[in-house]
Amino acid sequence: MLTVVGIAVGGLVAYAVYFDYKRRTDATFRRQLRKEKKRVIKSQTPSEASASIGGVDANELRTALEKVRQEEVPAGPEEKEQYFMTQVGMGEQLCAQGPAFHLSAAMCFYRALRVYPSPVELIVIYEKTVPGPVFQLVMQLTNMDVKDRVEGYYDCFPPKAMNVAVKTVDVPQSTVAGAMMRKKVLVCTKDFQPGDLIYKEEAVVTALDTDLQGLGTHCSHCLRAIEKDMAIRPTSDRFNSVYCSKDCQIRAKTHSQGLLFTLDSALPEHMATEVPDSHETRDRAQAAFAEYLTKTGKAAPELVARFIARQVSVETAKIMPPQLLATPGGSANPVATDGGDYTLYDHLERLRYLEVTAPAEETNLLKAVLQLALPGLEQFVTEERHASYLGGMAYNAFGVCYGGGRDDKPTPTARPEDVEKTRTPYGTEKQVGAGFYVVSSYLGHSCKPSARPSFSNGTSELHLIANHALKAGDELTVAYVDVTQHEENAEECRRRRRMELVRGWRFACTCSRCAEEAGSGGETDGEPKDESRVSEVVMRVEGA
């Protein structure tokens, strides 16, 4: 995460809900926390509160941080709870021994911070109860850790085995004449020939087109076509989902389906807490949300819901017994990195997005589903965050199309500018569904692309194929829209694809093909400009 606040956001998932539930309902646990806070307060002296942090230089802090990083953190919630209390107690005792032990005390408090699900809340407590010099050391350790995570992200991602890397380039700022802006692009790290496979990538989340949902023709998880009468239909599912195999059914349930559209517990059995009389209410909330998704017919709302549920799944997997992780869908992190402890939110946060408004009805329906599955989880879905998630999916989702695509998709009734679009060179009307891919989200558009997404294995797994010879360091681009010239002249084709890009992604294409076909007229001042954004935090920290 890029900020301590962000860490708190990322922690509001399975273990956080459990931990907070314990704090609110377990009287003994609450008394123990209050006792520790009072003991820390009593241990302070006026001299300690005003003492400087002299004597601890950057090298000592770095050594201390690396030592803590190398230590094993308890996996289970009960073990984390005990670890937290032990570290707070040790920190309090070391504080009482004077300035010589301030760094050791800060390391204890920092260890406790690492396992606490709401770091901001704990930092506020520290600020009020921990001696000033020790608190400053805790914050220095925290900031140093966050800084390392930010600056080291692109050293770990994408995995080198995928043969690609993220590069920062300067491009013209379309809204200010003569100005430049920084943008992340994907480049290949080795040479490729036309037709070569560059990488494969699994979708983090998928959404089957709503008009296909429940028909039994396509898998609701991997989007594979299903032979007649071969679909697996769960007995209890509020979204009428069907699957091509038992494996897909289990994966879907583990990743998001269980939380969003069934009455199953969202937590492992040893952590689950029964909420009295909640089944009927939860059932109604899920039915209402499923009805809304079907009515709107858009993929982004479903992708967002599944993304949030997948975050819960990832965090839950971290505290599950190892033997359970061997089951299908039990893997901890769906996005591979070469080291680093990055969450799904870390990946989404760095991507470009469109500024959109989240419909109040949609936000409320999603919050109801989450609250009834895991009380407290609904706090994650603020209006602002929901809008940024929707904007992220709107800008980055790919359309899944194979075998020439479908030709029976209902004609949209909305205005052209309101019709949802996904990245696909065949046209959104040909897709069977949509998927969100973290690495492929960095692929820029070109009307003369250097690569193409392929779903030749008949599922949502994306294969990136080279269109022409590529050298290491070349930028990888794909066509977000159908760039083929059909029964139209070059000028009409250019106008069509550029209008689709403006409607779907809000930018004016500056690729070589558009420039060549523009003729002597060139661009006009009235053409729409690039409205995609990156978060202010990313811009400030990375200069994106």
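The values are calculated or read from the model by the stated rules, or taken from the named source; none is laboratory data. What you see is a predicted model; the values in this text were computed from it and never measured. A quick note on method: Cβ atoms are made from the backbone with ideal geometry, for glycine too, and the neighbour counts reach across all protein chains shown. Side chains included, ligands, DNA and RNA excluded: accessible areas come from the protein's heavy atoms. Shrake-Rupley method; radii C 1.70, N 1.55, O 1.52, S 1.80 Å.
Write out the trypsin sites (Lys or Arg not before Pro) in region 167-249 meeting two conditions: DSSP loop, and at most 13 other Cβ atoms within 10 Å of their Cβ. The partial results should precede the final answer.
Numbers: sites: Lys167, Arg182, Lys183, Lys184, Lys190, Lys200, Arg224, Lys228, Arg238, Lys246; in loops: Lys190, Arg224, Lys228, Arg238.
The qualifying sites are Lys190, Lys228.
Once you keep just the Cα pairs under 8 angstrom separated by 6 or more residues, what percentage relative contact order results for region 325-450?
Numbers: 115 pairs, mean separation 30.7, N = 126.
Worked out over region 325-450, it gives 24 percent.
Per residue, the accessible area of region 229-268 comes to 46 Å², computed with a 1.4 Å probe over protein heavy atoms only.
Roll a 1.4 Å probe over the protein chains and send me the accessible area per residue for region 457-509 in Å². Working shown, then result.
On the way: 2270 Å² over 53 residues.
Dividing the accessible area of region 457-509 by its residue count gives 43 Å².
Lys and Arg at +1, Asp and Glu at -1: add these up for the other residues within a Cβ distance under 14 Å of Lys246 and post the number. Neighbour charge sum, excluding Lys246 itself: +3. Distance from the C-alpha centroid of region 416-454 to that of region 464-499: 11 Å, rounded to the whole angstrom.
Only Cα pairs under 8 Å and 6+ residues apart enter the sum, and on that basis the relative contact order of region 67-162 stands at 23 percent.
Quick one: pull the percent of accessible area on region 408-485 belonging to carbon and sulfur, 1.4 Å probe, ligands and nucleic acids left out. Walk me through the intermediate numbers first.
Numbers: 1490 of 2960 Å².
After summing per-atom areas, the C and S share lands at 50 percent.
In region 374-489, the DSSP beta bridges split such that about 70 percent are antiparallel, to the nearest 5. When the pairs Lys190/Lys228; Lys160/Lys295; Lys228/Lys253 are compared against a 32 Å limit on Cα-Cα distance, Lys190/Lys228; Lys160/Lys295 fall above it. Summed over the residues of region 334-442 and divided among them, the accessible surface reaches 39 Å² per residue at a probe radius of 1.4 Å.
Looking at the square roots a ≥ b ≥ c of the eigenvalues of the Cα gyration tensor of region 330-431, which shape do they give, rounded for a/c under 1.5, prolate if a/b is larger than b/c, or oblate? Here region 330-431 falls in the oblate category.
Answer rounded, prolate or oblate for region 389-544, using the Cα gyration tensor with square roots of eigenvalues a ≥ b ≥ c: rounded when a/c is under 1.5, else prolate when a/b is larger than b/c, else oblate. Kindly include the intermediate steps, with their values, before the conclusion.
On the way: a/c = 1.20, a/b = 1.04, b/c = 1.15.
Rounded, since a/c falls under 1.5.
Of the accessible area of region 361-400, computed with a 1.4 Å probe over protein heavy atoms only, carbon and sulfur atoms account for 46 percent.
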